Every structure is written in structure tokens, then in C-alpha cells.
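Novice: Dumping the structure here so I can ask a few things about it.
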Amino acid sequence: MAGAVVIGAGAGIGQAVARRFAKGGLPVTLVARSEGTLRAAQEAIAPLGVPTLALRADSTDRAALDAALDEAVAAHGVPEVAVYNAALIRADAIGELSVRAHLDAWAVNVLGAVNAAAKLAPAMAARGSGTFLVTGGMPEPDPRYVSLSLGKAGVRTLVALLARQYGPDGVHVASVTVDGPVAPGTDFDPDDIAEHYWDLHHQPRAQWTQEALHTGRPAQG
């Protein structure tokens, strides 16, 4: 059975989303930069008993990401759902970062999602079904987080572009926007946030939306 791919499977949302799809019975491929992150994510979903694959790749390295996604497809088929959750989150003000630093942030926050979509969305479209989800944030730009605000605006535009290109062929493209600091046991508990990804994946085509907003109230699902 085709499964779920989670790119950026770190503690917090990535790991929670992986658990949610595993709970739903889907095989899960985890992609992250570090062995420690992958090991923790595997341990978190192991009790659910689904097939898992852990692949190390930096989302800003297109060749490495392509190789990891090729391996995921070889193991579990073209995924039912792919989630891009990688992000570079840091405080920075107007004029504070160099051009290089801005480009590095953009590479993680936006271009990694572009490359993941370029690899997986055409195969989903050829099959006639699939879901491609990106973790958003910053529903309003924040001058304390300039590079992240720019990146999340880029994510919103990317989702619109992908939906226009691949939506007619059956690919649901959407973002999950989180309007607050993620922490277990709070209104921004990652397990509550993960329900939005599950719900978006299961929306009937006639009811597809391009964005789910988590404002601090647990998702229903």
C-alpha cells in the first residue's frame, strides 16, 4: 500500500504527523538531516506496527532529496501523501541578515518544498490521486522574524501554484498554518496540529481547501 512521506521528521509537528499517518495504517517514510532525529522518529512510531523507512537527506540538497524520495517510492510506491515540514526558524530583523543567510533560509523554507513537489507531484498526477502538504505559519508577517515571514509567504504562493498545476489531475495541495509556538500539552500540541494533515488528506475532492489554520483550538477529527 502506498504510504506517507514526511520530510522534516523532527520532534514536534513532523514526528506527530508521522505518528498520525502510521496510526491510520499507512507505511511511513521519514526524511531528516540527522541520524538522531530519524532514530527518535522511528522509535515514536514503532509501537504502531506499520512499515517504516528512515532516510537521511538535507532538504536543500536536491540530489540527496531526490535520491531519498526515489528510495521511498521504490519501497512503498508513489506516496498517498507527502508532507514537507522542514523549516529554518530564527529571529531576525530587517537588514540584519546577509544575502547569503537569506538565501539559506529560503532554501529550507521554500525551495526544499519546490524540489519535493517537483519529484512527487507529477507521479501523483499521473496516478490521478495524492496529497501534497506543506507546513505553513506566520499568518501575519512579523518584523521580528523576517526570513521566516518571507518564507511562509513563499509557501502560500507555492501551494497556490501547485494546486493550479496538479489539482486538475487529482492532487490535493494545501498548507497547514500554525499561529503560535508548538509545545506538547498546550493549545498548540503537535498531536492536535497533526489532525489537520490527516483531515486535509481525507477531504472529499469537492471540498478541497488550500489551507488549514491552527489558532490554538484543538482540531476535530
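The values are calculated or read from the model by the stated rules, or taken from the named source; none is laboratory data. In this text, all values refer to a predicted model and were calculated from it rather than measured experimentally. Here the Cβ positions follow ideal geometry from the backbone for every residue, glycine too, while neighbour counts run over all protein chains shown. Only protein heavy atoms, including side chains, enter the accessible area calculation; ligands, DNA and RNA are left aside. Shrake-Rupley method; radii C 1.70, N 1.55, O 1.52, S 1.80 Å.
Novice: Just one of Ala113, Ala118, Ala126, Ala93 is within 23 Å of Val17 (Cα to Cα), in contact with a helix residue (DSSP H, G or I) (Cβ under 9 Å, 6 or more places away or on another chain), modelled with pLDDT of 95 or more and open to solvent by 20 Å² or more (accessible area, probe 1.4 Å); which is it?
Specialist: Working: Ala113 fails: open to solvent by 20 Å² or more (accessible area, probe 1.4 Å); Ala126 fails: within 23 Å of Val17 (Cα to Cα); Ala93 fails: within 23 Å of Val17 (Cα to Cα).
Exactly one of Ala113, Ala118, Ala126, Ala93 is within 23 Å of Val17 (Cα to Cα), in contact with a helix residue (DSSP H, G or I) (Cβ under 9 Å, 6 or more places away or on another chain), modelled with pLDDT of 95 or more and open to solvent by 20 Å² or more (accessible area, probe 1.4 Å), namely Ala118.
Novice: Would you confirm whether any residue within segment 210-220 is touching a Pro at 6+ places or on another chain (Cβ under 8 Å), assigned to a loop (DSSP other than H, G, I, E, B) and either open to solvent by less than 10 Å² (accessible area, probe 1.4 Å) or over 14 Å from Val83 (Cα atoms) (or both)? Steps first, answer last, please.
Specialist: Pass one, segment 210-220, residues touching a Pro at 6+ places or on another chain (Cβ under 8 Å): 213.
From what is left, the residues that are assigned to a loop (DSSP other than H, G, I, E, B) are none.
There is no residue in segment 210-220 that is touching a Pro at 6+ places or on another chain (Cβ under 8 Å), assigned to a loop (DSSP other than H, G, I, E, B) and either open to solvent by less than 10 Å² (accessible area, probe 1.4 Å) or over 14 Å from Val83 (Cα atoms) (or both).
Novice: Just give me the residues in segment 56-85 being assigned to a helix (DSSP H, G or I), open to solvent by 10 Å² or more (accessible area, probe 1.4 Å) and closer than 17 Å to Ala18 by Cα, in sequence order.
Specialist: Correct list: Val73, Ala75, His76.
Novice: Now for a separate question. Being buried (at least 22 other Cβ atoms within 10 Å of the Cβ) and under 19 Å from Thr215 (Cβ atoms) is the filter here; which residues of segment 129-143 pass it?
Specialist: Leu133, Val134, Thr135, Gly136, Gly137
Novice: Which of the following residues is open to solvent by less than 10 Å² (accessible area, probe 1.4 Å), touching a helix residue (DSSP H, G or I) at 6+ places or on another chain (Cβ under 9 Å) and without any contact (Cβ under 8 Å) to a residue 40 or more places away in the chain: Leu30, Leu53, Leu38? So that I can check it myself, show each step before the final result.
Specialist: On the way: Leu53 fails: open to solvent by less than 10 Å² (accessible area, probe 1.4 Å); Leu38 fails: touching a helix residue (DSSP H, G or I) at 6+ places or on another chain (Cβ under 9 Å).
So the residue among Leu30, Leu53, Leu38 that is open to solvent by less than 10 Å² (accessible area, probe 1.4 Å), touching a helix residue (DSSP H, G or I) at 6+ places or on another chain (Cβ under 9 Å) and without any contact (Cβ under 8 Å) to a residue 40 or more places away in the chain is Leu30.
Novice: Go through (1) in a loop (DSSP other than H, G, I, E, B); (2) open to solvent by 20 Å² or more (accessible area, probe 1.4 Å); (3) under 22 Å from Phe188 (Cα atoms); (4) not acidic (Asp, Glu) one by one and return the number of the condition Ala9 breaks.
Specialist: Looking at each condition in turn, Ala9 falls short on (2).
Novice: Within segment 164-176, track down each residue that is out of contact with any Phe, Trp or Tyr (no Cβ under 8 Å at 6 or more places or on another chain) and either assigned to a helix (DSSP H, G or I) or free of Cβ contacts under 8 Å to residues at least 12 places away in the same chain (or both).
Specialist: Initially, segment 164-176 is screened for residues out of contact with any Phe, Trp or Tyr (no Cβ under 8 Å at 6 or more places or on another chain), giving 164-165, 168-170, 175.
Correct list: Arg164, Gln165, Pro168, Asp169.
Novice: Something else about it: Identify the single condition in (1) touching a residue at least 40 places away in the same chain (Cβ under 8 Å); (2) touching a His at 6+ places or on another chain (Cβ under 9 Å); (3) open to solvent by 50 Å² or more (accessible area, probe 1.4 Å); (4) over 21 Å from Ile13 (Cβ atoms) that Val146 does not satisfy, given that it satisfies every other one.
Specialist: All conditions pass for Val146, except number (3).
Novice: Given the options Ala113, Ala194, Ala153, name the one that is without any contact (Cβ under 8 Å) to a residue 24 or more places away in the chain, assigned to a helix (DSSP H, G or I) and not charged (D, E, K, R).
Specialist: On the way: Ala113 fails: without any contact (Cβ under 8 Å) to a residue 24 or more places away in the chain; Ala194 fails: without any contact (Cβ under 8 Å) to a residue 24 or more places away in the chain.
On inspection, the qualifying residue turns out to be Ala153.
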